[in-house]
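Chemist: Below are the structure tokens for one structure; questions will follow.
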Amino acid sequence: MRRTIGAAGLAVGAVGLGCMPMSWAYSRSQQRGDRSLRTVHAALDAGVRLFDTADMYGPFTNELLVGRALKGRRADAFLSTKCGLLVGDQHVVANGRPGYVRRACDASLRRLQTDVIDLYQLHRADPEVPVEETWGAMAELVTAGKVRALGLSAVGARAGRRSGPRTYAATIRQLERVQQVFPVSAVQAELSVWSPEALEDLVPWCAARGVGVLAAMPLGSGYLTGTLKPGMGFEPDDPRARHPRFTAEMMAANQPVVVGLRRVAERHGATPAQVALAWVLRQGRHVVPVPGAKRERWAVENAGAGELVLTDRDLAEIARLPPARGSWD
């Protein structure tokens with residue numbers, strides 16, 4: 001199945017690949033460059049077309065890795081990267097100044113070893129710069145032929161924050177502002193069985209305007225795969241070590257979610273991860289899940305979710321699963 005990202009009509013495969021875990025954040029001791037290259041190639045061979053990265057991942061090393069992996073196969077890939085965040089010592093700051101955006105794009109093009117970026121996303125708006133100015137600079141990159149389409153990363157539910165109604169209200173306000181400058185082709189936001197908040201207003205807003213949705217963390221940062229065990233522990237620099245849903249108590253409390261996904265998976269001869277991704281795919285033809293993966297096996301398994309068709313019974317059963325809990329509850 002092919003899905004279209006935004007008004008630009010850019011078609012990608014049903015499931016994408018988030019490249020961030022290959023060189024940044026999650027389980028750094030297990031990150032291997034050669035393994036990551038094989039993972040990207042295996043994903044391509046399995047039909048994955050969307051590859052998502054950002055200049056801040058590493059920083060910079062993730063784009064370098066993706067550039068090496070896609071060398072000789074660039075025509076097979078829909079390449080997405082981001083700008084707007086700078087990583088310092090123990091802090092991250094936004095930079096949306098037009099001059100910086102132009103320099104960041106040129107640097108990303110060099111690292112990615114490509115002449116054009118298919119989707120260039122604003123990672124975060126700079127509170128010191130009107131978002132229209134940043135977006136205008138990004139639009140100039142489209143005119144210059146360096147970028148094909150523009151996207152925005154949502155400001156919404158995040159680790160340590162309680163979500164609720166209108167979680168993505170701030171993102172929608174940003175979208176309405178930048179749409180006046182240049183069309184938005186895609187929005188990236190967290191969306192999964194245990195983080196469905198984007199379905200309240202953001203996903204419908206995008207559907208009504210022909211804007212694609214890149215579903216980030218569709219596997220609940222690995223929890224929905226059923227491979228993580230309560231109390232297993234995480235490396236100190238792994239963000240899950242501080243996530244309110246990944247304490248030993250909350251991982252145990254949320255086991256019914258995984259059990260429910262596994263029950264559906266057994267009926268289809270699938271895995272819980274594939275069911276979780278298939279659920280995201282059922283949220284609209286404009287929705288593309290972008291699970292992260294460091295290993296070939298997981299990338300290929302995730303790609304197979306595009307062939308899994310959930311029934312109405314499956315969807316109803318998933319809808320009855322208890323909402324995920326965090327340590328704030």
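The values are calculated or read from the model by the stated rules, or taken from the named source; none is laboratory data. In this text the structure is predicted, and so the values were computed from the model without any measurement. Cβ placement follows ideal geometry from the backbone for every residue including glycine, while neighbour counts extend to all protein chains displayed. Accessible surface areas use protein heavy atoms only, side chains included; no ligands, DNA or RNA. Shrake-Rupley method; radii C 1.70, N 1.55, O 1.52, S 1.80 Å.
Chemist: Tally Lys/Arg at +1 and Asp/Glu at -1 over every other residue whose Cβ is under 13 Å from the Cβ of GLU266; what's the total? Provide the component values of the computation, followed by the final result.
Modeler: Numbers: positive: ARG262, ARG263, ARG267; negative: ASP314, GLU317.
Every neighbour counted, the sum reads +1.
Chemist: Moving to a separate point now. Take MET232 and GLU176, extend 7 Å from each Cα along the Cα→Cβ direction, and tell me the distance between the two endpoints in nm.
Modeler: Here the modelled spin labels are 4.2 nm apart.
Chemist: To continue, here is another question. Which of the peptides 212-221, 312-321 is most tightly packed, and how do the rest follow, going by the mean number of other Cβ atoms within 10 Å of each residue? Walk me through the numbers before you get to the answer.
Modeler: Numbers: 212-221: 26.7, 312-321: 13.4.
Averaged packing, sorted descending, gives the order 212-221, 312-321.
Chemist: Set the Förster distance to 30 Å, then compute FRET efficiency between ARG68 and ALA241 from the Cβ-Cβ distance, nearest 0.05.
Modeler: On the way: r = 29 Å, r/R0 = 0.98.
Approximately 0.55, to the nearest 0.05.
Chemist: Can you give me the convex hull volume of the Cα atoms of the range 44-163, divided per residue and expressed in Å³?
Modeler: Spread over its residues, the Cα hull of the range 44-163 gives 125 Å³ apiece.
Chemist: Given N residues in the range 192-329, what is its alpha carbon radius of gyration divided by 2.2 N^0.38 Å?
Modeler: Here the Cα radius of gyration is 1.04 times the empirical estimate.
Chemist: Give the cross-link partners of LYS146 among the lysines, using a straight C-alpha distance below 16 Å as the criterion and excluding same-chain residues fewer than 8 apart.
Modeler: Partners found: LYS82.
Chemist: On to the next question. Cβ neighbours within 10 Å, averaged per peptide: list 199-210, 232-243 in order, most packed at the top.
Modeler: 199-210, 232-243
Chemist: As I understand it, the value is the acute angle between the Cα axis of helix 61-70 and the longest principal axis of the Cα atoms of the chain; what does it come to in degrees, rounded to 10?
Modeler: Roughly 90 degrees, rounded to the nearest 10.
Chemist: Could you give the length gained by full extension between HIS268 and ALA208, i.e. 0.36 nm per residue of separation minus their alpha carbon distance, to one decimal place?
Modeler: Details: separation 60, 0.36 × 60 = 21.60 nm, distance 3.24 nm.
This chain segment gains 18.4 nm when fully extended.
Chemist: If you don't mind, another one. Give me the one-decimal nm value for the distance between modelled label points at VAL87 and GLU249, 7 Å along each residue's Cα-to-Cβ direction.
Modeler: Computed distance between label sites VAL87 and GLU249 equals 3.2 nm.
Chemist: Under the rule of -39500 (n - 2.57) per DSSP H run of 4 or more residues, summed and divided by the residues of the chain, what mean residue ellipticity at 222 nm is obtained, to the nearest 500 deg cm²/dmol?
Modeler: Here the helix-only value at 222 nm equals -10500 deg cm²/dmol.
Chemist: So what is the relative contact order for the range 120-273, in percent, with contacts set as C-alpha pairs under 8 Å and at least six apart? Kindly include the intermediate steps, with their values, before the conclusion.
Modeler: Details: 197 pairs, mean separation 27.1, N = 154.
Taking the mean separation of contacting Cα pairs over the length of the range 120-273, I get 18 percent.
Chemist: Taking a cut-off of 19 Å between Cα atoms, list the aspartates and glutamates near LYS229, but don't count ones fewer than 8 places away on the same chain.
Modeler: ASP237, ASP238, GLU249
Chemist: What is the percent carbon and sulfur in the accessible area of the chain, measuring with a 1.4 Å probe over the protein chains and ignoring ligands?
Modeler: Numbers: 7030 of 13720 Å².
Reported share for carbon and sulfur atoms: 51 percent.
Chemist: Can you list residues whose amide H is under 5 Å from GLN121's amide H, if they're 5+ apart or on another chain and H is modeled 1.01 Å from N?
Modeler: Those lying under 5 Å, H to H, from GLN121 are THR81, LYS82, CYS83, GLY151.
Chemist: Of MET251, PRO130, ALA69, which is farthest along the charge dipole of the chain in the positive direction, counting Lys and Arg as +1 and Asp and Glu as -1 at C-beta?
Modeler: Towards the positive end, the residue furthest out is ALA69.
Chemist: Which percentage, to the nearest 5, of the DSSP beta bridges contained in the chain is antiparallel?
Modeler: 25
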